[in-house]
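The values are calculated or read from the model by the stated rules, or taken from the named source; none is laboratory data. Since the structure is predicted, the reported quantities are computational estimates derived from the model, not experimental observations. Neighbour counts run over all protein chains shown; Cβ positions are idealised from the backbone, glycine included.
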Amino acid sequence: MANQMTGGPLPASSSGSGSFSGSASSSGSASKSGSAGQQAKSSPNAVLDSESAWSSDRPPDAWPIFPLDHPLARSAPKRTTGQAIALAKKIEDRWEQAKSGNAKARPSSDEIQEACRALLTVSPKDSKFPKAWAAFVRLRKIDREAA
C-alpha cells in the first residue's frame, strides 16, 4: 500500500518538511537521493521563473527543480548520457522535418517531455552536461512552439 511509483521526490511532498523519519520503512535507500534533490542548489540562471532567460550556451550549476505536479518532475527511465542526448537530437530532427512540411514527423508534447526528462538524468558533473543543457533549452522552446 505504501509502494509508490519510482519517482524519488514524491514522498517529500506529502510531509512538507522533507523529513519523514520512518513512515516508509522498506524504501529507505531510495528516499535519500530524492530528499537531496529537493534542496535548493546555487544555480542562479536555472530558476524556473526566468526560463525565458535560459541560454543554451550558458549551462547552470545544476538542473532546475520542477514542482512535483509538473510533467518534467516525473521519473524517467535511466539512460546513458549518450542515449539521452541522442533521444533529444532525434526529437529535434523530427521537429525540423515537421517544420519543413512533413506533418507526420511532428513529435508530440509527450515525446518532447520524455526527451527532456531523459536529459534531466545527466549529472551536472558530466563532461557532456553543457551539451545536454543546450539540447534541453532547445527542446523546451520546441515544446512551447508546438503547444
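In the range 83-102, which residue that is part of a helix (DSSP H, G or I) and over 22 Å from Pro71 (Cα atoms) is nearest to the chain's Cα centre (by Cα)?
Asp93
State which residue is surrounded by the fewest Cβ atoms within 10 Å (Cβ to Cβ) when the search covers only the range 103-125 and only residues that are under 15 Å from the mean Cα position of the chain (by Cα) and not in a helix (DSSP H, G or I).
Looking at residues that are under 15 Å from the mean Cα position of the chain (by Cα) and not in a helix (DSSP H, G or I), I get Ser123.
One residue is enough: does the range 51-70 have a residue meeting the conditions small (Gly, Ala, Ser), at negative phi and at pLDDT below 50?
No.
Hey, any hits in the range 58-78 for a residue that's in contact with a Cys (Cβ under 6 Å, 6 or more places away or on another chain) and surrounded by 13 or more Cβ atoms within 10 Å (Cβ to Cβ)?
yes
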